[in-house]
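Visitor: Attaching a single structure in structure tokens format; questions to follow.
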Amino acid sequence: LAKTTQPISMDSYEGQEVNITCSHNNIATNDYITWYQQFPSQGPRFIIQGYKTKVTNEVASLFIPADRKSSTLSLPRVSLSDTAVYYCLVRIYNQGGKLIFGQGTELSVKP
Amino acid sequence: GAVVSQHPSRVICKSGTSVKIECRSLDFQATTMFWYRQFPKQSLMLMATSNEGSKATYEQGVEKDKFLINHASLTLSTLTVTSAHPEDSSFYICSAVQTSGDTEAFFGQGTRLTVV
């Protein structure tokens, strides 16, 4: 499973757009890029997943360049409730949900 | 999204006793479930992969005799921490993947275990 690297922490203010970049240099052809959010004392919650280019859902966008060696999670107009740890992971398509978590990025949103 | 429920959400036990944690997929069937452990301010650490009807596969360094995993049905996996010690105090989280197709893993809300 590809190892991921992301910033340990980030600070932002309410209403700003937050971009968290993750590097996964040894991602394999069949790997998907997945992002999860975790609040203290809760299980991780799925945010978004993509393979290439851009994916958007109701809460976030995921940008993946052509070489797929990195990805950027974009959170539009964050609020205080977006303060959490965000994990970038890669997983192999159609081989189950086994996920190896890296250190994650602790996002702190200030008023 | 699909719901994975863990029970209990928190438990306190005495040293030397055993504790069982249940993980249920409420609205889907899960051939595979995963168990993680998370210490304060740290990331999730995968402990084992639980497959319905077969023995669990443990990650390196995880004692299979201490952390007993049973996956008796497509909706239930259990983790039993045997002869618990204070160093086993942690946040235990399970995840489950739907049997058919390729979907994201759904996580339970976690179980806070405190061994006194």
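Visitor: Could you grab the Rg to Rh ratio for the protein assembly as shown? Cα atoms only, Kirkwood for Rh.
Guide: So for the protein assembly as shown, dividing Rg by the Kirkwood Rh gives 0.98.
Visitor: Counting Lys +1, Arg +1, Asp -1, Glu -1, what net charge surrounds B:M45 among other residues with beta carbon under 10 Å of its beta carbon?
Guide: Around B:M45, the surrounding residues sum to 0.
Visitor: Here's a follow-up. In the neighborhood of B:L113, defined by Cβ-to-Cβ distances under 15 Å, what is the net charge if each Lys or Arg adds +1 and each Asp or Glu adds -1?
Guide: Summing Lys/Arg as +1 and Asp/Glu as -1 gives +3.
Visitor: I would also like to ask the following. Please report how far the C-alpha centroid of the range B:1-50 lies from that of the range A:5-22, rounded to the nearest whole angstrom.
Guide: With the range B:1-50 and the range A:5-22 each reduced to a Cα centre, they are spaced 29 Å.
Visitor: Excluding B:E59 itself, what net charge comes from residues whose Cβ is under 15 Å from its Cβ, given Lys and Arg +1 and Asp and Glu -1?
Guide: Charge balance near B:E59 sits at +3.
Visitor: Here is a follow-up. Do you know the Lys pair count in the protein assembly as shown for C-alpha distances under 12 Å, with sequence separation 8 or more or different chains?
Guide: 4
Visitor: From zero outward in steps of 5 Å, how is the percent of C-alpha pairs of the range B:12-116 spread across the bins?
Guide: Bins of 5 Å from zero give 3, 13, 24, 25, 20, 10, 4, 1, 0 percent of pairs.
The numbers here are math on the coordinates, done by the rules we state, and not lab data. It should be emphasised that the depicted structure is a prediction, and the values quoted were computed from it without experimental measurement. Reconstructed Cβ throughout: ideal geometry from the backbone, glycine too, with neighbour counts over all protein chains shown.
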